[in-house]
Structure formats: C-alpha cells, structure tokens
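Novice: Got a structure here, written out as structure tokens. Questions coming.
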Amino acid sequence: MNTRIDLSQMPKGLLDGMMKTELYIKKSGFDLKLIELVKYRVSQINKCGYCLDMHHKEALALGETELRLHTLIAYKECPYFEDYEKVALEFAENLTLAHQKEIDDRLYALLQQHFSIEQISILTLVITQINAWNRINKTIGAIPGTYVENTI
C-alpha cells in the first residue's frame, strides 16, 4: 500500500477542527484508557490498519495490557473487562454500525448507569471522531506501522 495523500498535501486548516476536537477530548477528564479501548474497537470494526497501530501504541503507553487489546474483539466474554467498559464498547459498536444496529432504550439506560450526561456526550464524540479518522486514513492510504506515539 502506498500513501495516496500525505497530510502535508492537504489544504491548510482542513484538519484543524479534527485536531481541536482531539485536544478537547484529551483535556476533558474522561478516562483516556477507555477512550483508547473504544478507538481501538471501532478501528477493528472499520478495518483501519493505521488506526489500529496508533491506538494499540497509545493504549500500551497508558498502561493497557496486550491481553486486553488482543481479546478486545471478544470483550463480552472476557471477565477482565469491567461492566462500564463493556457498555462503552457496545455503544461504540452500535454507533459505528448504526446502519445495522440502533441505540435503543436498553443500551442508553445502561450508559446512564455508568456515565453522566457529560460523559455520554464525550463518549459519543470520541466514537464519531474515530469513525471519521478511520475513513480519512483509509482514503489517504496512511500506512500501518508508521505511527509514532504521541504525535497528535
């Protein structure tokens, strides 16, 4: 795979909003380790190799374990994922696959058991943001294995 569009070739300011959103998320006080798990799971669903590389490295830097990352695809049956993580991951899956699934009252009630309205709002932003990044990186041909931790 070759890079189709280098980020430096994009119009100046094009990704400023995306980068500002990333900074907002990082400074929001929301659990950064959970954010990385969500980003990793969404990137699995969207099959974005570059984003999987990135969020694997970022999650490890935050203290995540290889075991949990390796088995994330089967989080529902793994006893070492907490209930709040499972709910966040289910929400991420449903929002990512919105054309197949929905955010029903049952799932929203589970979210409310574990997260405040502010946290649900941030989690929703994280999920929509990583979906956008997945699509951007797949389109531009970002090459997996080239991500250097903490560059964004």
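The values are calculated or read from the model by the stated rules, or taken from the named source; none is laboratory data. Worth saying up front: this structure is predicted, and the values here are computed from it rather than measured. Here the Cβ is made from the backbone with ideal geometry for all residues, glycine too, and neighbour counts use every protein chain on show. Please note that ligands, DNA and RNA were not included when accessible areas were found on the heavy atoms of the full protein model with its side chains. Shrake-Rupley method; radii C 1.70, N 1.55, O 1.52, S 1.80 Å.
Novice: If each DSSP helix of 4+ residues adds -39,500 (n - 2.57) and the sum is divided by the residues in the chain, what number results at 222 nm, nearest 500 deg cm²/dmol?
Specialist: Dividing the helical sum by the residues of the chain leaves -19500 deg cm²/dmol.
Novice: With only alpha-carbon atoms counted, please give the Rg and Dmax of the chain, in Å.
Specialist: 15.4, 46
Novice: Looking at the chain, which Cys residues are left with no other cysteine's beta carbon under 4.7 Å from theirs?
Specialist: Singleton cysteines: Cys78.
Novice: Separate question: Given contacts defined as C-alpha pairs under 8 Å and at least six residues apart, what's the relative contact order of region 1-109, whole-number percent?
Specialist: It comes to 22 percent, rounded to a whole number.
Novice: Would you mind putting 81-90, 138-147 in packing order, based on average other-beta-carbon counts within 10 Å, highest first?
Specialist: Peptide ranking by packing, descending: 81-90, 138-147.
Novice: What aspartates and glutamates does Lys86 reach when the alpha-carbon gap must be under 17 Å and sequence neighbours fewer than 8 apart in one chain are set aside?
Specialist: Of all the aspartates and glutamates, those that pass the test against Lys86 - Cα under 17 Å, at least 8 places apart if same chain - are Asp31, Glu36, Glu64, Glu77, Glu102, Asp104, Asp105.
Novice: If you line up the long axis of helix 83-96 against the longest principal axis of the chain, both from Cα atoms, how many degrees apart are they, to the nearest 10?
Specialist: With both axes taken from Cα atoms, the answer is about 50 degrees.
Novice: On the protein heavy atoms, probe 1.4 angstrom, tell me the percent of accessible surface of region 29-152 carried by carbon and sulfur.
Specialist: 55 percent
Novice: Still on this structure: Enter the accessible area per residue of the chain (Å², integer; probe 1.4 Å; all protein chains in place).
Specialist: 56 Å²
Novice: Past 27 Å, Cα to Cα, is the threshold; run Lys26/Lys47; Lys39/Lys101; Lys33/Lys101; Lys20/Lys101 against it and keep the listed order.
Specialist: Lys20/Lys101
Novice: Tell me, what ³J(HN,Hα) does each residue in region 33-42 have, in order and in whole Hz, if you take phi through Karplus 6.51 cos²θ - 1.76 cosθ + 1.60 with θ = phi - 60° and put x for Gly and Pro?
Specialist: With coefficients 6.51, -1.76 and 1.60, one gets 5, 5, 4, 5, 4, 4, 4, 5, 5, 5 Hz.
Novice: Sort 121-134, 92-105 for me by packing, meaning the mean count of neighbouring Cβ atoms within 10 Å per residue, highest on top.
Specialist: 121-134, 92-105
Novice: Please work out how much length the chain gains when fully extended from Gln112 to Lys47, using 0.36 nm per residue of separation minus the C-alpha to C-alpha distance, in nm with one decimal.
Specialist: Contour length minus the Cα-Cα distance gives 20.5 nm.
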